[in-house]
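What follows is one structure encoded as structure tokens, with my remarks underneath.
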Amino acid sequence: MAQGLMDVDFPPAAEGAERGASPAADRDEAAGRRPAAAHSSWDAFVAEPRRPRRALRNLPGAPRAAPFSSSSASSASSQRAARARSTASLDSYFQVSRTQPTAASHPAGHNDNSSDETVVLSDSESSNSSSSTEEEEEPAGILEEAPGIVGLGVSGSNQMEPPGDDSNEIDITVTAAQSKKVREGEIEYLGSHLLELASIFSFFQTTPLKKTNPVASLVPLEEESGDTCAICFEEWTNAGEHRLAALRCGHLFGYSCIERWLKGQVGKCPQCNKKAKRTDIVVLYARTLKALDTTEQENMKSSLEKEQVMRRKAELESAQSRLQLQVMTEECSKLRQQVQELKALLVRHKASSSQQSSSARSCFPGCLSSSQGQHKYHFERAFLVSQVGNCRVMAYCDPLSCLVVSQPSPQSTLLPGYGIKMMSAVNLKSSQYVPIHSKQIRGLAFSNRADGLLLSASLDHTLRLTSLTTNTVVQTYNASRPIWCCCWCLDDTNYVYAGLANGSILVYDLRDTSSHVQELVPQKSRCPVVSLSYLPRMASASLPYGGLVSGTLEGACFWEQKSSNSYRPHDLLLEPGGCIDLQTEASTRHCLATFRPNRNNNCLQCVVMELTSTQLTDRADDVVCSCNPIQTLTAGPTCKLLTKNAIFQSPEDDGSIFVCAGDEASNSAMLWDAGSGTLLQKLPADLPVLDVCPYEVNRNSFLATLTEKMVKIYKWQ
């Protein structure tokens with residue numbers, strides 16, 4: 001359309017040239033003004049920059065011009081004639097003076113006499129003034145039909161008003177000579193073209209331009225790539241063959257693209273290379289797809305989780321530290337109490353030693369005479385085993401050089417039960433606690449095996465083997481009744497014995513872990529077995545047979561071992577009732593029986609006896625085993641506990657036999673010479689002595705005494 005506007009032809013100015021210059025032109029030449037070029041083209045007219053048209057309303061001295069009128073016939077003929085003429089400038093027809101005189105305004109009634117009046121515009125607006133004059137001289141009907149003509153060069157405030165309003169009319173004065181030369185057809189021709197131009201410009205003015213969205217242009221390529229298929233790089237659709245689809249791995253593609261992709265020999269996802277097949281394609285029904293960026297949120301979540309983990313760890317460490325502090329505080333208080341007890345014990349020991357030395361001649365003259373100038377046991381060290389007490393028995397392991405003591409668990413709330421505490425016999429230091437049983441331990445025994453297996457009997461109906469090298473229980477035998485004592489078979493260490501509360505003795509083979517292999521049932525009473533000792537075979541002894549010596553509350557019995565699974569019982573004649581312990585000395589075949597005070601004897605008695613055998617006939621199995629009392633030793637008048645005593649050879653290796661037994665009346669351990677019956681020493685204790693254990697380390701002889709809480713070590717020197 002713009003090209004058509006530029007090719008419009010205008011009527012030639014030949015007739016104006018033939019008529020010669022008009023009087024107005026002569027006046028312009030006389031005044032020295034340059035006339036407008038007659039050969040200027042319409043292209044120059046259109047291309048010339050437009051300026052806002054000056055308001056010509058109500059100029060002083062400017063008469064109002066009457067509107068032009070023409071007939072339709074003359075207008076049609078003038079249009080046909082104008083198309084045949086060559087294009088010529090219209091400036092020769094509209095010559096406007098360059099100056100505008102400030103003449104006085106004329107009344108409306110003198111409009112007919114204003115033929116010589118002119119409207120003066122500047123030279124820069126000469127080309128625009130002609131077009132503005134033509135637009136303002138058009139009939140009112142044309143202006144009403146095409147209101148967009150106002151937008152050619154007139155601002156919104158200077159738009160045309162209807163001709164009927166005299167106050168808003170545009171006053172244009174045309175010379176009389178020019179109005180005669182211009183034909184009505186040419187004016188109509190110009191009016192029609194101006195209407196076309198006005199409609200074009202009004203179209204461009206009323207049509208809104210498409211505004212570009214600056215925000216959309218700033219969208220990064222990474223976000224736009226989320227709407228395209230990763231195979232063809234084209235946008236997917238919500239319908240059709242290229243609709244949105246996904247694989248099992250979660251990546252998105254166009255349906256047709258991923259289907260063709262999987263039809264090939266690839267069989268993998270184009271993005272993550274995971275195995276995929278055509279049946280894994282899932283069509284997604286979504287109009288729009290937008291992934292919400294939650295990276296920062298996920299980072300915050302991970303940071304929060306890490307912080308929570310660290311906080312829980314810190315709380316756990318804090319709780320552990322508080323628990324350790326509490327345990328250490330309790331341990332510190334126990335150690336303080338132990339120090340106080342040891343100090344008090346040391347004071348009492350010194351006082352008793354001085355008192356014993358001063359009164360020994362009057363009380364025990366035989367003891368002084370026999371021990372004068374001889375060695376004796378000296379206090380070496382004391383160990384606090386259990387603060388709450390309830391310690392019962394102890395035993396010595398020669399291969400490991402350690403002393404074990406039964407005790408309750410030091411942490412009864414966390415780890416209930418009973419176990420042992422090991423103490424080194426070399427450096428006299430206590431070691432760790434080893435849990436074994438759930439109830440009180442009544443018997444501990446070691447064999448001559450080098451593996452250091454400990455045999456323990458408990459009231460929880462179990463007999464257990466514990467390895468002291470690993471501090472773990474390696475074997476458990478379950479008996480139907482509480483076990484009061486136990487011992488090893490010294491002739492064959494594969495066998496062990498357990499004395500029950502009903503008087504029976506169970507024989508166990510370590511190679512058979514299911515149950516006991518034999519049960520030795522007593523012939524008379526069913527009293528509990530309080531002690532068990534095994535005597536190995538010895539040909540030169542008074543009792544050459546090997547067997548088991550058992551003591552009950554009613555008496556004693558020697559179970560002669562005929563073979564590995566055959567035992568023959570021999571009743572040992574003892575005083576009826578009151579036997580609380582029976583110990584043996586294997587090399588000399590002596591035994592020690594301890595009796596409580598009774599009606600006949602009002603004090604504790606320790607009877608030393610010798611085990612012998614008598615051949616009745618020539619038959620080898622016709623043998624009677626018995627015990628002959630040798631020495632009777634007396635102690636205090638009180639015996640409420642089942643204590644364990646000891647009979648052993650003298651550390652001097654002179655063949656003499658020592659007896660050590662606890663005395664509840666004096667809270668001490670009394671040491672006798674079994675041959676002479678002489679009291680050698682009285683070893684004080686803070687509580688009644690429950691067990692006595694002699695042992696030897698590096699050719700040094702020691703004696704350990706046990707109370708409910710403490711172990712005391714004495715060294716022979």
*Taking the Cβ of ALA319 as the center, what net charge do the other residues with Cβ under 15 Å away carry, scoring Lys and Arg +1 and Asp and Glu -1?*
+2
*Taking the Cβ of HIS375 as the centre, find all other residues whose Cβ is under 15 Å away and add up their charges (Lys, Arg: +1; Asp, Glu: -1).*
-3
*When the Debye formula is applied to the Cα atoms of region 550-670, each taken as the same point scatterer, what base-10 log of I(q)/I(0) results at q = 0.12 Å⁻¹?*
-0.49
*What are the lysines whose alpha-carbon lies under 30 Å from the alpha-carbon of LYS268, with same-chain residues fewer than 8 places away excluded?*
LYS277, LYS290
*Taking the Cα centre of each part, how many Å lie between region 515-580 and region 621-655?*
16 Å
*Could you list the trypsin sites (Lys or Arg not before Pro) in region 220-320 that lie in coil according to DSSP, counting only those with at most 12 other Cβ atoms within 10 Å of their Cβ?*
LYS277, ARG287, LYS290
*Mind checking the full-extension length gain between LEU428 and SER563? Use 0.36 nm per residue of separation minus the Cα-Cα distance, one decimal, nm.*
44.4 nm
*Cα gyration tensor, region 649-717 - rounded (a/c under 1.5), prolate or oblate*: oblate
*Sort CYS527, CYS249 so that the residue with the fewest other Cβ atoms within 10 Å of its own Cβ comes first and the one with the most comes last.*
CYS249, CYS527
*Report the trypsin sites (Lys or Arg not before Pro) located in region 642-717 that are in a DSSP loop and have at most 11 other Cβ atoms inside 10 Å of their Cβ, or state none.*
ARG699
_Neighbour-count ranking [beta-carbon atoms within 10 angstrom, fewest first] of MET423, MET328_ = MET328, MET423
*Footprinting exposure proxy for TYR418, TYR497, TYR285 (fewest neighbouring C-beta atoms within 10 Å first)*: TYR285, TYR418, TYR497
*If each of ARG260 and ARG278 carries a label point 7 Å out from its Cα toward its Cβ, how far apart are those two points in nm?*
1.5 nm
*Compute the distance in nm between two label points, each set 7 Å from the Cα along the Cα-to-Cβ direction, one at GLU307 and one at ASN698.*
6.2 nm
*Three-way shape label, region 395-497, alpha-carbon gyration tensor, a/c 1.5*: oblate
*Starting from the Cα gyration tensor of region 480-620, take the square roots of the eigenvalues, sort them a ≥ b ≥ c, and report rounded, prolate or oblate (rounded when a/c is under 1.5, otherwise prolate if a/b is larger than b/c, else oblate).*
oblate
_Pairwise centroid distance, computed over Cα atoms, of region 270-344 with region 389-465, Å_ = 41 Å
*Which entries of LYS421/LYS682; LYS263/LYS301; LYS334/LYS640 show an alpha-carbon separation above 32 angstrom in the structure shown?*
LYS263/LYS301
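No lab work stands behind these numbers, since they all come straight from the coordinates. Remember, predicted model here, so these are calculated numbers, not experimental data. Virtual Cβ from ideal backbone geometry, glycine too; neighbours counted across all protein chains shown.
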